[in-house]
Amino acid sequence: MSHDALVGAGAGADGTAAAPAQRASAEIGPFPAADGAAGSAASADDLALVRRLLAGDEQAFEQLVTQLHTPMLRLARTIAGPACAQEVVQETWAAVFDGLVRFEGRSALKTWVFRILTNRARTWGAREKRTVPVSWLEDGDRGGEPAVEPARFDSTGDWVSPPVPWTEQSPEGLLLRKEIGAVLQREIEALLPGQRAVVLLRDVEGCPSDEVCEILGISEANQRVLLHRGRSKLRAALERYLARG
């Protein structure tokens, strides 16, 4: 889709989306939403925000764009590549605002938006031949890569040095600490695409596992392995950084 077409469909000249006030009651064409998939239902806040958006509330529009635009860019770069990430996000915003009248709340609003983005990113990446194959999200099931480096164990199978404790909240918390935030961001970018997508959604965006599976279209087992491998690599990178400090 051209830049002019994006502006007409719902994106502004600066690359952000335009408000949906005039389009809310228009006839809606098909779009790759996943509102009927399993996952967490929309919260009362989500539904209230959608009502405000459909009423043409500019503050609601700004709230949603501020909350999701940067995470959408990160996920689009992971799936489709940096060259077309902006176009993917612009097209996603157009689809989101055109489709709001059909949002029924069977999934969280963020999950619904990210699922549309994932489908658009795969389409764009395939068209531009810049995307990795579908198998990028299947490496967790094939077992070709060890979750933890073998060198970290001795001949009896014990840890040479135990890993630093890792909690569900620690990745997001660490990103907020300036002294090591840059290290984590760099290491996340270096992860394999499937691992990076799962880590971004789980540990940066705070999505629960069922929503990540819904967004990426993967099994719970695959999501769990990809997350474990990604976190293991980040943990090792942080341990190296802290050891130098």
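The values are calculated or read from the model by the stated rules, or taken from the named source; none is laboratory data. Because the structure is predicted, anything quoted here is derived from the model rather than measured. With ideal geometry, Cβ positions are generated from the backbone for all residues, glycine too; neighbour counts draw on all protein chains shown.
Out of all the residues in the range 73-80, is one or more among the β-branched types (Val, Ile, Thr), assigned by TED's automatic domain parsing to the domain that holds Lys110 and at pLDDT below 95?
Filtering the range 73-80 for residues among the β-branched types (Val, Ile, Thr) gives 78-79.
Among the residues that remain, those that are also assigned by TED's automatic domain parsing to the domain that holds Lys110 are: 78-79.
From the residues that got through so far, the ones that are at pLDDT below 95 too are 78-79.
The answer is yes; a qualifying residue exists.
Would you please list the contacts, defined by Cβ atoms under 6 Å and residues six or more apart or on different chains, that run from a residue in the range 70-94 that is under 17 Å from Leu192 (Cα atoms) and of a type in the set (D, E, K, R) to a residue that is at pLDDT below 95 and part of a helix (DSSP H, G or I)?
Within 6 Å, the pairs are Arg74/Leu200; Arg77/Ala85.
Given the options Thr111, Thr70, name the one that is of a type in the set (S, T, N, Q), part of a helix (DSSP H, G or I) and buried (at least 19 other Cβ atoms within 10 Å of the Cβ). If you could, list the steps in order and put the result at the bottom.
Numbers: Thr70 fails: buried (at least 19 other Cβ atoms within 10 Å of the Cβ).
Among Thr111, Thr70, only Thr111 is of a type in the set (S, T, N, Q), part of a helix (DSSP H, G or I) and buried (at least 19 other Cβ atoms within 10 Å of the Cβ).
Are there any pairs with C-beta distances below 8 angstrom linking a residue in the range 231-244 that is within 11 Å of Arg186 (Cβ to Cβ) and touching a residue at least 60 places away in the same chain (Cβ under 8 Å) to a residue that is part of a helix (DSSP H, G or I) and not hydroxyl-bearing (Ser, Thr, Tyr), with the two at least 6 apart or on different chains, and if so which?
Going by the 8 Å Cβ cut-off, the qualifying pairs are Leu234/Pro171; Leu234/Leu184; Leu234/Glu187; Leu234/Ile188; Leu234/Val199; Tyr241/Ile180; Tyr241/Val183.
Could you tell me whether Glu189 is modelled with pLDDT of 90 or more and either not aromatic (Phe, Trp, Tyr) or not in a helix (DSSP H, G or I) (or both)? Even if it seems obvious, please write down each step before you answer.
Numbers: modelled with pLDDT of 90 or more: yes; either not aromatic (Phe, Trp, Tyr) or not in a helix (DSSP H, G or I) (or both): yes.
The answer is yes for Glu189.
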